[in-house]
Amino acid sequence: TAPAADGVARSGEALWAMVRPLLWRILNPSVAFRHVVRRALFTHRMATVLRMMPAFSKTPMFELAMMVCAGCEFALSRYKPLYREGGKAENMYILLEGTIEHTSLTGDVSEGLRLQKIAGDGSDGKHGLACGMETLTDVARSTTATAITNCKLLQFSAADLGLSRDKVKREFVRGELAAVPIFHGVSVETFERM
């Protein structure tokens, strides 16, 4: 019975270790308020990163905030692959901290797209970089992404994004066509027909 009692004691300690911080937030409102403010600022920064992408440029901020809340934050250790070229694009990511290198066996990766780097404190003026956007258009991965340093990322599955791929493709094509000089001044109705 001694080993069984010891196991119960350890599980009780583990439970108390999880409950204690929650109780402290209830008993100390300043800690809870600080946590809420930090989370709200983080959500706003990540929603702003998503909004810079053509697929989400017209999405209301509250919807982007809901998408950010559905994301899962995780760590990727140095030299580990995030995804491999040719693999199925099931997830999209926002790089929060660290450096990701993109390589390709089938084609050249331009110098500007080869490295994605971000400082965790936002000292470089950026709070996140989107990567793995093939998820939005349901095509295979075009590069292999590998962590060059220890990284923190926010992961979204295609289901978490809550958008149909058809809608995303339509928004992307609309944005790309509008950027071509020959289409300047074309009415919205014409774009819809195109």
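Report the residue count in segment 181-194 for those that are within 20 Å of M53 (Cα to Cα) and modelled with pLDDT of 75 or more.
Number satisfying all stated conditions: 0.
Can you tell me which residue is modelled with the highest pLDDT among those in segment 134-154 that are out of contact with any helix residue (DSSP H, G or I) (no Cβ under 8 Å at 6 or more places or on another chain) and open to solvent by 60 Å² or more (accessible area, probe 1.4 Å)?
That would be N150.
Assuming S123 fulfils every condition listed in (1) at pLDDT below 75; (2) assigned to a helix (DSSP H, G or I); (3) polar (S, T, N, Q) apart from one, which condition is it?
All conditions are met except number (2).
The values are calculated or read from the model by the stated rules, or taken from the named source; none is laboratory data. All of these numbers come straight from a predicted model, not from anything done at the bench. FYI the Cβ positions are ideal-geometry reconstructions off the backbone, even for glycines, and counts take in every protein chain you see. Ligands, DNA and RNA are excluded from the accessible area calculation, which covers all protein heavy atoms including side chains. Shrake-Rupley method; radii C 1.70, N 1.55, O 1.52, S 1.80 Å.
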